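Notes follow once the structure below has been shown.
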Amino acid sequence: MKEIRGSVAKILNSTQIVINRGKNQGVTVGMVFEVLDKNATSIIDPETKKVLGSIDRPKVQVKVSLLEDNLAIAETFKTRRVNKGGTGGALAALSSGMFTPPNYVDELETLKAKEKAWEDLPEEKSYVKVGDPIRSIDFKA
């Protein structure tokens, strides 16, 4: 499968975006895309001062969940374990004389720095912006 590139067309909420590629461009449900920093780092040759190229810097990965002809909804899918309580392990128990077991939960990655899933997300509060480039990452070169 060939790499597909496009852009973020709209931010729906803290976990979902619309991309400007769909069935007609070869996108399929379950396809994974990276949202890239549109201010990619240009690498300058220190000797010639010419631009050697640029590096794509991924912000987040999203997976296509809904597909139309020329657009797709993609959402975050990675989780991370977070301790929502508890003092920690044996070292904390020995030093304080008390032990509260950790309360680990898996949280879904969101599009904003302060994580609150499933709320409307104005673009100014998101680190993903309309117009950010995207690229598929589950392709065979």
Strands (runs of 3 or more DSSP E) wholly inside segment 3-53 containing at least 3 residues that are modelled with pLDDT under 90 and over 15 Å from the mean Cα position of the chain (by Cα): 41-44
Of the conditions (1) modelled with pLDDT of 80 or more; (2) closer than 23 Å to residue 1 by Cβ; (3) open to solvent by 50 Å² or more (accessible area, probe 1.4 Å), residue 133 fails just one. Which one is it? (3)
Can you name the number of the only condition in (1) open to solvent by 80 Å² or more (accessible area, probe 1.4 Å); (2) modelled with pLDDT of 80 or more that residue 141 fails? (2)
Residue 82 meets each of (1) within 27 Å of residue 125 (Cβ to Cβ); (2) β-branched (Val, Ile, Thr); (3) at pLDDT 90 or above with one exception, condition (3)
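Within segment 57-78, track down each residue that is of a type in the set (Asp, Glu), surrounded by 12 or more Cβ atoms within 10 Å (Cβ to Cβ) and either in contact with a helix residue (DSSP H, G or I) (Cβ under 7 Å, 6 or more places away or on another chain) or outside any strand (DSSP E or B) (or both).
Just the residues of segment 57-78 that are of a type in the set (Asp, Glu), to begin with: 68-69, 75.
From what is left, the residues that are surrounded by 12 or more Cβ atoms within 10 Å (Cβ to Cβ) are 68, 75.
68, the sole residue that qualifies.
The values are calculated or read from the model by the stated rules, or taken from the named source; none is laboratory data. Please read these numbers as outputs of a predicted model, since none were measured by experiment. Counting neighbours? That spans all protein chains shown, and the Cβs are built from the backbone with ideal geometry, glycine included. All accessible areas refer to the heavy atoms of the entire protein, side chains included, with ligands and DNA or RNA removed. Shrake-Rupley method; radii C 1.70, N 1.55, O 1.52, S 1.80 Å.
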